[in-house]
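The structure appears below as structure tokens.
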Amino acid sequence: MSIAITPGRLERRKLLPPLVAYVVRRVGIGIILVVAVSILVFLCTQALPGDTASAIIGRSGSAEAKERLREQLGLNDPLLSQYWAWFSGLLRGDLGSAVGSGQPVSEFLGKRLPNSLILGGLTLIVTVPSSIALGIWSGIRKDRPADHLIGGATLGFIALPEFVTGTFLISLFAIRFDVLPPISLFPPGESPLAHPDVLVLPVMTLLLAGMAYNVRMVRAGVIDTLDTEYVQMARLNGIPEQRVIRKHVLRNSMAPTVQVIALTAQWLLGGVVVVETVFQYPGLGDGLVKAVAARDIPLVQGTAMVFAVLYICINIVADVVIVLLIPKLRTAA
């Protein structure tokens, strides 16, 4: 039984092609994820030990003063009311004020976010091309001594936590040779780019930790490409190996390259928290750790939401770019 395609249905297909529908669907899912993450962040911060009113007033404050402050801040309201008050403020761009300093959370994020973006961006710029080059080189030389050497080194760096790598680099370059600062502090209000020496060790730590996994992923993709039928046919037809690598392997590495960039960017969102804490780098990660230690709920909530939104946006952009690069996925979208 055939289904008639009316002119109206054809018009809707023209107005909403598959790629646009896919983008709209991914953005819709992203919005749902942001709402779900906001609920999770709110519940997790509510579960933190201690009391916000006590953190503001201090131990010397009376119980009556703490209770009055709790009423003013709405801490005695039902959880649903507290969540809606916070989330509605989030939609308006009002993230509240820090408990300790009274500084608006948006101002705190505005000062520290560029520092984290600079650290992550520099790491990404170095990590992605290095990972792709080493991964392709290792995949082409599968089971040769160079491949085993790269495989062993990357496996070792994957096994090492970031704080161990950072501590080792500090002991080597800051203490043993005294050529780099052990902590990444610079004057408030200035860009870390004006003090490049404070960026070297944090970037090296993130580079060694993040590049290892990406190299192995690119290597696996290259090996799979070399085992495909069209590559085997090209070799049987006498096409030079360099041309096979350039025409087939590199071209088919475009989609995995986007995945490498996306995975690296996503990993950096978590990696900067550890690395910034180790080097006392004034970014979002360091601020988040200090806010959790001080039970500064507004700062914790605002910073966590920034990390979550960045993570979701990176996923959406990466998925859309991969669909654009692979025609088969584009028609299936």
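Just to be sure, is Val215 of a type in the set (Val, Ile, Thr), modelled with pLDDT under 95 and touching a helix residue (DSSP H, G or I) at 6+ places or on another chain (Cβ under 8 Å)?
Numbers: of a type in the set (Val, Ile, Thr): yes; modelled with pLDDT under 95: yes; touching a helix residue (DSSP H, G or I) at 6+ places or on another chain (Cβ under 8 Å): yes.
When the stated conditions are applied, Val215 passes them.
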Total residues in the range 193-236, condition surrounded by fewer than 18 Cβ atoms within 10 Å (Cβ to Cβ), over 11 Å from Gly139 (Cα atoms) and aliphatic (A, V, I, L, M):
6
I need a count of the residues in the range 191-223 that are of a type in the set (Val, Ile, Thr) and within 20 Å of Val164 (Cβ to Cβ).
4
Cross-chain or 6+ apart pairs with Cβ under 6 Å, the range 282-297 first and part of a helix (DSSP H, G or I), then charged (D, E, K, R)
Leu284/Arg112; Gly285/Glu276; Asp286/Glu276; Gly287/Arg112
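Test of understanding: among Val99, Val41, which residue is of a type in the set (Val, Ile, Thr) and modelled with pLDDT of 90 or more?
Details: Val99 fails: modelled with pLDDT of 90 or more.
Answer to the selection: Val41.
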From the options Ile136, Ile170, Ile158, Ile118, residue that is open to solvent by less than 50 Å² (accessible area, probe 1.4 Å), under 25 Å from the mean Cα position of the chain (by Cα) and modelled with pLDDT under 90:
Ile136
I need the full set of residues from the range 101-112 which are closer than 15 Å to Lys290 by Cα and touching a residue at least 12 places away in the same chain (Cβ under 8 Å), in order please.
Val105, Phe108, Leu109, Arg112
Scope the range 309-331; condition open to solvent by 50 Å² or more (accessible area, probe 1.4 Å) and at pLDDT 90 or above; matching residues:
Val309, Leu310, Tyr311, Cys313
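Would you confirm, using the coordinates I've provided, whether Pro129 is within 16 Å of Asp286 (Cα to Cα) and modelled with pLDDT under 90?
no
Within the group Ala98, Ala146, which residue is open to solvent by less than 70 Å² (accessible area, probe 1.4 Å) and closer than 30 Å to Ala212 by Cα?
Working: Ala98 fails: closer than 30 Å to Ala212 by Cα.
Sole residue among the options that is open to solvent by less than 70 Å² (accessible area, probe 1.4 Å) and closer than 30 Å to Ala212 by Cα: Ala146.
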Residues within the range 171-226 that are touching a Gly at 6+ places or on another chain (Cβ under 7 Å) and free of Cβ contacts under 8 Å to residues at least 12 places away in the same chain, tallied
0
Of all residues making up the range 70-95, the number that are open to solvent by 60 Å² or more (accessible area, probe 1.4 Å) and not small (Gly, Ala, Ser)
12
Going by the conditions given, is Ile239 open to solvent by 50 Å² or more (accessible area, probe 1.4 Å), hydrophobic (A, V, I, L, M, F, W, C), more than 27 Å from Asp296 (Cα to Cα) and not in a helix (DSSP H, G or I)?
yes
With the requirement that a residue be under 17 Å from Gly302 (Cβ atoms) and of a type in the set (S, T, N, Q), what does the range 72-98 give you?
Gln82, Ser88, Ser97
Which of the numbered conditions does Ala98 fail, given that it passes all the others? Conditions: (1) on the phi < 0 side of the Ramachandran plot; (2) free of Cβ contacts under 8 Å to residues at least 40 places away in the same chain.
(2)
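Looking at Glu229, is it closer than 24 Å to Leu124 by Cα and of a type in the set (D, E, K, R)? Reasoning before the result, please.
Numbers: closer than 24 Å to Leu124 by Cα: no; of a type in the set (D, E, K, R): yes.
When the stated conditions are applied, Glu229 does not pass them.
The values are calculated or read from the model by the stated rules, or taken from the named source; none is laboratory data. On a predicted model such as this, the values are computed, not experimentally measured, just so you know. Reconstructed Cβ throughout: ideal geometry from the backbone, glycine too, with neighbour counts over all protein chains shown. SASA here: full protein model, heavy atoms, side chains in, ligands and nucleic acids out. Shrake-Rupley method; radii C 1.70, N 1.55, O 1.52, S 1.80 Å.
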